[in-house]
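Contents: one structure, followed by commentary.
Derivation of every value follows stated rules applied to the coordinates shown; laboratory data play no part. No experiment lies behind these values; they were computed from the predicted model shown. Positions of Cβ are generated from backbone atoms using ideal geometry, with glycine treated the same way; all protein chains shown enter the neighbour counts.
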């Protein structure tokens with residue numbers, strides 16, 4: 001990987017991927033969060049699951065199912081493909097912080113939302129809110145009602 005002199009850690013990671021030829025679907029570090037939009041639904045749900053605390057994969061699946069009343073369920077394949085892409089894009093990082101050993105399984109990997117990931121989630125939620133406002137204005141959603 002190419003060494004980066006004037007970049008913070010996240011930018012250096014992105015810079016290394018770009019210099020090594022891995023730039024597919026990766027916005028350059030000069031771009032803003034809007035460059036990631038629109039997010040795939042699974043990606044947004046994963047970002048939302050990580051907004052409050054670090055979680056391992058199964059805990060992410062459980063949080064999404066609980067938060068959506070079971071309307072959204074991610075299988076392990078979708079989850080881990082999405083997480084791999086999000087790691088490469090710098091939206092999440094794998095953390096070494098772990099719960100107490102009696103509450104943990106050493107095989108678990110824990111993920112944390114990055115500042116970029118949080119900004120991208122905010123940008124996508126804003127985009128969705130704008131879309132909902134437009135739908136309300138066009139009569140597709142009653143004022144104050146659900147879609």
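Details
- For residue 130 and residue 51, a Förster radius of 22 Å and the Cβ-Cβ distance give a FRET efficiency of 0.65, rounded to the nearest 0.05.
- Cα gyration tensor shape of the range 42-147, rounded if a/c is under 1.5, else prolate or oblate by comparing a/b with b/c: prolate
- Rounded FRET efficiency, nearest 0.05, which uses the C-beta distance separating residue 78 from residue 138 and R0 of 41 Å: 0.80
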